[in-house]
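Derivation of every value follows stated rules applied to the coordinates shown; laboratory data play no part. What you are looking at is a predicted structure, and each value in this text was computed from that prediction instead of being measured. Every residue, glycine as well, gets a Cβ built from its backbone with ideal geometry; the counts of neighbours run over all protein chains shown.
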Amino acid sequence: MSRRPSARVPTPRSTNHPTRYACPRTTGSAGQDHSVPMRKLVVSTIMSLDGYVEGPGGDVAALPMDGFFDAHNLDRQRAADTLLLGATTYRVLKAYWPAVADDPTVSPDVAADPSLAELHREIGRRNNELRKVVVSDSLSETDAAPWTATTTIVRRTDARAAVAALKQRP
């Protein structure tokens, strides 16, 4: 298993509503308030309690995920309007969820527990519908199918500006 360093990330208290943050307030020459409202960027990382982020051969699916994780994932998606992804995660999601949205029985988790079918179908549909911004120097627009209409690929050198632009959106 590959081990990567981890950092503590504060957990939001509630994910049911969008939160707007403001940049530090600055005062102009006439004393005007120049704070800029910003959207929240929520980071979600899959990691085992002992710090593993992938299994043998880089397989994220080797980490145990269950219906509780799926329900949490769906709640996060319901609160989001955009997914910000790296190329590897994007490829993994794209290879799995479109088919599950159409037929949840193709999911090994649903095969093991049929009660997860509607949960997986909704996760798949949300993955299909949510806008995705993918930071990658290796992907091109032709790699985005079947999510071409909902995917924007941003080069690494442009990532900071792209994230700042996302945070400025209403």
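Things worth noting here:
- Region 54-93 and region 114-170: distance between their alpha carbon centers, rounded to Å: 12 Å
- When the alpha carbon gyration tensor of region 68-170 is reduced to an equivalent ellipsoid, its three semi-axes come out at 27, 15, 10 angstrom, largest first.
- Cβ-Cβ FRET estimate between ASP137 and LYS167, R0 fixed at 22 Å, reported to 0.05: 0.50
- The Cβ shell under 13 Å around VAL100 holds other residues with a net charge of -2, Lys and Arg each +1, Asp and Glu each -1.
- Along region 162-170 the Karplus relation, 6.51 cos²θ - 1.76 cosθ + 1.60 evaluated at θ = phi - 60°, assigns HN-Hα couplings of 5, 5, 4, 5, 4, 5, 7, 5, x Hz to successive residues, with x for each Gly and Pro.
- Between amide H atoms placed 1.01 Å from N, distances below 5 Å from THR152 occur with LYS132, VAL133, VAL134, all of them 5 or more places distant or on a separate chain.
- J(HN,Hα) series, region 112-119, from Karplus relation 6.51 cos²θ - 1.76 cosθ + 1.60, nearest Hz, glycine and proline x: 6, 9, x, 5, 8, 4, 5, 4
- Under 5 Å from the amide H of MET38 lie the amide H atoms of TYR21, ALA22, CYS23, each residue being 5 or more positions distant or on a separate chain, with H modelled from the backbone and absent for Pro and chain starts.
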